[in-house]
Amino acid sequence: MADLNTLLRWAVENSTKPDAEGSAAATEGVPVGDGLTLKYKPAVPGAAPSPGVAALHPSDAQYPLAELPPAEIGNPAAQTAPTVPKSELNSEIIDIIMGKSDSVAMREKMAIATNEDAELEERVDALDEFEMLIELIDNANNMPVLKLWTPLLDLLDNKHAEIVRHALWIMGTACQNNLKGQAAVSQPKLQP
């Protein structure tokens, strides 16, 4: 098979020159080499497009063909089928595709962790997921802004040892190699 340099060289050497009216003649069935043939056959204005052609610009008369699957190009029944209008994206769809932002997830996890009515396992899982979120230093530095240090420190007085252990683990992760986190945990009641 010919490489790109060979194809480019061939294209330059065999490009069509404009005729007297300024239009270039179409080249069809020109051998490239290694059993390859280059074909170019543009659609005649006002004529039906030939099978296998897909236009890519809305101003082109063949534009609807670009939306058809390759098997349906050239099929007259498929070409007359109505197109389905595209639906607009809303914030719910974007949230499903992209996921929630880290700050929203951090608030939700802390709300679950501080909820005394939730099951212990659910609260521990929320703290574990919260710890994974604050492994990113930007999320750890957002804890004062989101006012999450105070509820985290309040968990240190919890009656369940697992909750206290996970709260300490989160504090260690948030403060590790993070001067802003260390300053925030030392004065949590003074945060904005």
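The values are calculated or read from the model by the stated rules, or taken from the named source; none is laboratory data. This is a predicted model, so every value here is computed, not measured. For neighbour counting, all protein chains shown are included, and Cβ atoms are generated from backbone atoms with ideal geometry for every residue, glycine included.
For residues in region 76-103 being under 24 Å from E135 (Cβ atoms) and either more than 22 Å from the chain's Cα centre (by Cα) or of a type in the set (S, T, Y) (or both), which is modelled with the highest pLDDT?
Kept after step one, since they are under 24 Å from E135 (Cβ atoms), are these residues of region 76-103: 95, 97-103.
With the extra rule that they be either more than 22 Å from the chain's Cα centre (by Cα) or of a type in the set (S, T, Y) (or both), the set shrinks to 101, 103.
Numbers: S101: 87, S103: 91.
Within region 76-103, the match that is modelled with the highest pLDDT is S103.
Just to be sure, is L148 in contact with a Phe, Trp or Tyr (Cβ under 9 Å, 6 or more places away or on another chain), closer than 16 Å to N115 by Cα and at pLDDT 90 or above?
On the way: in contact with a Phe, Trp or Tyr (Cβ under 9 Å, 6 or more places away or on another chain): yes; closer than 16 Å to N115 by Cα: yes; at pLDDT 90 or above: yes.
Taking the combined requirement at face value, the residue satisfies it.
Provide a single number: the residues in region 102-132 that are more than 24 Å from K159 (Cα to Cα) and either surrounded by 18 or more Cβ atoms within 10 Å (Cβ to Cβ) or aromatic (F, W, Y) (or both).
Taking region 102-132 first, the residues more than 24 Å from K159 (Cα to Cα) are 102-105.
Going one step further and asking which of them are either surrounded by 18 or more Cβ atoms within 10 Å (Cβ to Cβ) or aromatic (F, W, Y) (or both), we end up with none.
The number of residues fulfilling the criteria is 0.
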